[in-house]
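> Take this structure first; my questions come after.
The values are calculated or read from the model by the stated rules, or taken from the named source; none is laboratory data. On a predicted model such as this, the values are computed, not experimentally measured, just so you know. Cβ coordinates were reconstructed from backbone atoms using ideal geometry, including for glycine residues, and neighbour counts include every protein chain displayed. We work out accessible area using only protein heavy atoms, side chains counted, and drop any ligands, DNA or RNA first. Shrake-Rupley method; radii C 1.70, N 1.55, O 1.52, S 1.80 Å.
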Amino acid sequence: MSMDITTLAASDSDVWNDTLEQADERTPFHRFEALEVFADHADAELHPLIGYKGEEPVGLFPLFTIQKGPITTAFSPPPDLKVSYLGPVILTSPGMKSNTVERRRRRFVERCLDWLYRTHAPRYVHVRTSITTPDTRPFDWEMFEETPRFTYVVDLETGPEVLFDRFSRDARSNVREAEDACSVSESGQAAARSIIAQVRNRHAEQDLRFPVTVELVEDLYEALPEGYLRPYVCTIDGVFVGGSLVLDDGQRAYGWQGTVKTDLEYDVNDLLHWYIIRDAAARDVVAYDLVGANNPRLSRYKSKFAPTLTRYHSLERSAPGFGTVARLYRRLK
């Protein structure tokens, strides 16, 4: 039976989200509400592609096109928003044979790319898969250049107390010291604004550009269902000193933004990570993605929370002579 690719309308968001809930490869970045926010802030056109085999959904692939004059580019996720992952999501069922899964994945990716090139003819395409994507060979076979990327993922099924014993010595010491002076709690939209404002100010102090705006975070907080964007704040004597924005789909939690370095006496970031780990484990979340292990300095810091080094992939395809766009995107991302 052939596979049909359809673009869903905004009115079909429930179809998208209901299908997404059936996929083990899903991330909170794939929620339809999040995709609409990303499209708006990237000034991009969203194409929520869904594949069907008969009446059975087999995959989801959110694509974004950006038109600059006569040139079209395509992304998943869109550039310059610090969106960690997107790319295709394949639906499987228990007991499905591996060759069936591979064939389904290849056909779905092929058909989606066929649709993209037939309808928009982009000169450059960039896809960044999630840690949940086990197989990127269909892109290799479609002549994409593949670059491995890495993040750190904490296995929450191990149990918080066992994990804490596996933390580095200084992390354990920092948590114990900070617990006596600091308070951590999950808060609301005002806290989300404070967290992203702190991150932006920290980057500005170092003369570094930071593309995530307060408006993007506010829109994301309002659009997503309750519990998907969780602002965790750390206070001392009731005064905000730090925080972390965690995206959570009930299966995995992602430390998306926040936990900037401060000049405080206490290491509030170590305490924030410990609180998030305990809180997520209590909700039966299976993993906490620290989001990123590609920067040497940040990798040294994140490695002390007993994570597993985990791979994801950056995939690019350019028209001949269009390498400048690829280099520009690498700087923006």
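> I'd like to know how the chain sits against the 2.2 N^0.38 Å rule of thumb: what's its Cα Rg over that expected value?
1.02
> May I pose another question? Hey, can you list the DSSP H helices of the chain whose Cα span along the axis is 20 Å or longer and whose average Kyte-Doolittle score is at least 0.0?
Working: long enough: 98-119 (32 Å, -1.30); 189-205 (24 Å, -0.55); 268-282 (21 Å, 0.39).
Helices meeting the span and hydropathy rule in the chain are 268-282.
> Then there's this: Would you pull out the residues with amide H under 5 Å of Leu63's amide H, same chain only if 5 or more places away, H placed 1.01 Å from N?
Under 5 Å from the amide H of Leu63 lie the amide H atoms of His47, Leu49, each far enough along the sequence or on another chain.
> Something else now. Residue by residue through the range 237-242, what is 3J(HN,Hα) from phi via Karplus (6.51 cos²θ - 1.76 cosθ + 1.60, θ = phi - 60°)? Round to whole Hz and write x for glycine and proline.
Along the range 237-242, the couplings run 6, x, 9, 5, 10, x Hz.
> For the range 203-316, give the magnitude of the charge dipole about the Cα centre (Cβ charges: +1 Lys/Arg, -1 Asp/Glu; no others), in debye to the nearest 20.
660
> Considering the dipole of the range 245-329 built from charges on the beta carbon (Lys and Arg +1, Asp and Glu -1) around the Cα centre, which of Leu290, Gly255, Pro320 is farthest to its positive end?
Highest projection toward the positive end goes to Pro320.
> I would also like to ask the following. Within the chain, how many Lys pairs sit with Cα atoms under 29 Å apart, leaving out pairs fewer than 8 places apart on the same chain?
12
> Still on this structure: Please compute the Cα-Cα pair-distance distribution of the range 140-223 with 10 Å bins starting at 0, giving whole percents from short to long.
Going out from 0 Å in 10 Å bins, the range 140-223 shows 12, 22, 33, 27, 6, 1 percent.
> Taking a ≥ b ≥ c as the square roots of the eigenvalues of the Cα gyration tensor of the range 59-170, is the shape rounded (a/c under 1.5), prolate (a/b larger than b/c) or oblate?
Note, shape of the range 59-170 comes out oblate.
> Right, something else. For the chain, what is the mean residue ellipticity at 222 nm derived from helices alone (per DSSP H run of n ≥ 4: -39500 (n - 2.57); sum divided by total residues; nearest 500 deg cm²/dmol)?
About -11500 deg cm²/dmol.
> While we're on this one: Where a ≥ b ≥ c are the square roots of the eigenvalues of the C-alpha gyration tensor, would you call the range 180-307 rounded, which needs a/c under 1.5, or, failing that, prolate if a/b is larger than b/c, or oblate?
Taking the square roots of the gyration eigenvalues as a ≥ b ≥ c, the range 180-307 is rounded.
> On to the next question. Within 10 Å of each candidate Cβ there may be at most 15 other Cβ atoms; applying that plus a DSSP loop requirement, which GluC sites (Glu not before Pro) in the range 12-114 survive?
Glu21, Glu55
> Leaving out ligands, DNA and RNA, what percent of the accessible area of the range 8-155 is carbon and sulfur, probe 1.4 Å?
Carbon and sulfur: 45 percent of the exposed surface of the range 8-155.
> Ignoring ligands, DNA and RNA, what accessible area per residue does the chain give at 1.4 Å, in Å²?
Per residue, the chain has 46 Å² of solvent-accessible surface.
> Take the alpha-carbon positions of the range 7-112, form their convex hull, and give its projected area averaged over all directions (one quarter of the hull surface) in nm².
For the range 7-112, the mean projected area of the Cα convex hull comes to 7.3 nm².
> Round to a whole number: what % of the accessible area of the range 215-266 belongs to carbon and sulfur, probe 1.4 Å?
Its accessible area is 41 percent carbon and sulfur atoms.
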